[in-house]
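Single-structure report; data block below.
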């Protein structure tokens with residue numbers, strides 16, 4: 001990203017040992033700065049993810065007239081401008097690689113009294129936005145996009161939004177959140193129903209900021225016209241970031257690793273259930289709540305994993321963790337079957353195709369399906385794999401390399417900074433064999 005070329009050289013290191021606290025939850029960080037910006041008063045966010053995605057969202061809100069202070073690493077003090085206090089920016093608003101940022105901001109900006117244009121980097125510009133545009137247009141938003149619903153998104157000044165009762169055709173926390181954020185500005189009660197429950201970060205965060213909202217798994221409703229009140233948000237450690245260490249410690253013999261204060265939103269932890277079904281040795285000790293989210297310390301020790309058919313009911317609760325799961329499956333005994341995960345085709349990369357190609361390059365036996373894959377566990381050898389600029393692919397393949405019989409070069413890893421700045425250093429500190437190197441171009 002930003003013109004940098006970065007590769008990783010990875011290979012077997014030591015058993016993973018020690019205790020770590022990973023970066024703040026990206027989903028919570030995005031939402032905390034958005035609602036803090038729209039609140040009345042000064043909000044404080046502790047544990048904010050210092051990643052490129054979340055910084056891009058904060059920078060956009062800054063251009064819309066919100067004053068931020070950063071008194072320390074992971075700290076943000078947000079001087080909220082109220083629900084109607086944003087003002088238009090001069091020029092496009094750059095979301096970088098942040099798909100969450102772009103989709104949620106589309107909902108937030110749909111009710112504003114000024115025009116906005118949301119743009120992104122090359123990867124984000126290939127990600128379809130039609131599923132979020134459609135319900136927002138039904139609410140009265142005026143939005144234009146590129147061919148195929150691709151960014152940039154031009155969002156015109158609102159003539160007033162009308163609440164809708166919307167049933168999502170495909171479960172998506174980001175689309176649900178965009179509709180709810182637009183609902184803050186809509187007349188009447190906005191309701192969103194899902195075919196499968198997804199993570200409820202937006203609902204919990206709205207409640208924390210004092211907005212009347214009713215929600216249960218798969219159903220959320222709120223009325224427009226209320227106020228957000230400034231609050232203090234403690235951001236838990238990101239479960240998606242912890243996922244790579246959960247898998248790594250499970251597959252590397254002799255490992256015994258403690259992950260502290262990990263966010264345990266029940267709509268986010270499907271990977272935990274899948275790994276346990278595979279035989280993983282993971283214990284959790286509840287550690288209270290942070291930012292309205294339950295947190296726990298997770299202790300993971302090496303275990304012999306076996307292949308499973310991943311229950312489709314778990315898929316929405318682990319959609320960002322599939323690259324890590326594919327690695328666990330490639331190193332497990334027997335077959336692992338994944339289905340119902342077509343959403344993976346439209347992430348930062350086509351994660352089914354990209355993970356299949358990367359694992360095959362290391363000798364894995366994997367067959368693609370339109371909505372998943374069949375993975376037969378076995379041994380991995382060294383080689384070169386391509387992350388295609390996808391941060392989760394890069395980190396997943398660094399995990400795979402810990403069990404490879406030879407060195408693995410992972411290309412195009414700079415985008416890891418979007419979600420997990422400092423991953424290589426933290427991983428190396430607990431035993432990973434991993435070093436950064438200049439890309440080969």
Ranked 336, 198, criterion: other C-beta atoms within 10 Å, fewest first: 198, 336
Between helix 99-109 and the chain: long-axis angle, C-alpha atoms, 0 to 90°, nearest 10: 10
Gain upon complete extension [residue 21, residue 304; 0.36 nm per residue less C-alpha separation]: 99.4 nm
Principal axis box of region 346-441, alpha-carbon based, largest edge first, Å: 35, 30, 26
For region 161-279: span of alpha carbons on each principal axis (Å, largest first): 58, 34, 17
Using distinct alpha-carbon pairs, which all enter the 1/r mean, Kirkwood radius of region 26-234 in Å: 16.6
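Quick one: order 79, 386 by neighbouring beta-carbon count within 10 Å, fewest to most.
Numbers: 79 16, 386 19.
Exposure proxy ranking, most exposed first: 79, 386.
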Rounded, prolate or oblate (a/c below 1.5 giving rounded, otherwise prolate when a/b exceeds b/c) for region 13-129 by Cα gyration tensor: oblate
Cα gyration tensor shape of region 262-330, rounded if a/c is under 1.5, else prolate or oblate by comparing a/b with b/c: oblate
0 to 90° range, to nearest 10: angle between helix 173-183 axis and the chain longest Cα axis: 10
Over the chain: helical MRE at 222 nm, DSSP H runs n ≥ 4 each giving -39500 (n - 2.57), nearest 500: -8500 deg cm²/dmol
Centre separation in Å (Cα based) which lies between region 7-25 and region 400-416: 12
Euclidean distance between Cα centres, region 187-255 to region 117-143, Å: 21
Ranked list, fewest to most other Cβ atoms within 10 Å of each Cβ, for 26, 347: 347, 26
All Cα pairs of the chain, percent lying beyond 30 Å: 40
Measure of compaction for region 200-269 (Cα Rg per 2.2 N^0.38 Å): 1.53
Degrees between helix 391-401 axis and first principal axis of the chain (Cα, 0 to 90, nearest 10): 10
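Every number in this text was worked out from the coordinates using simple rules, so none of it is lab data. The shown structure was predicted, so the numbers you read here are calculated from the model rather than taken from an experiment. We place every Cβ from the backbone using ideal geometry, glycine too, and count neighbours over all the protein chains shown.
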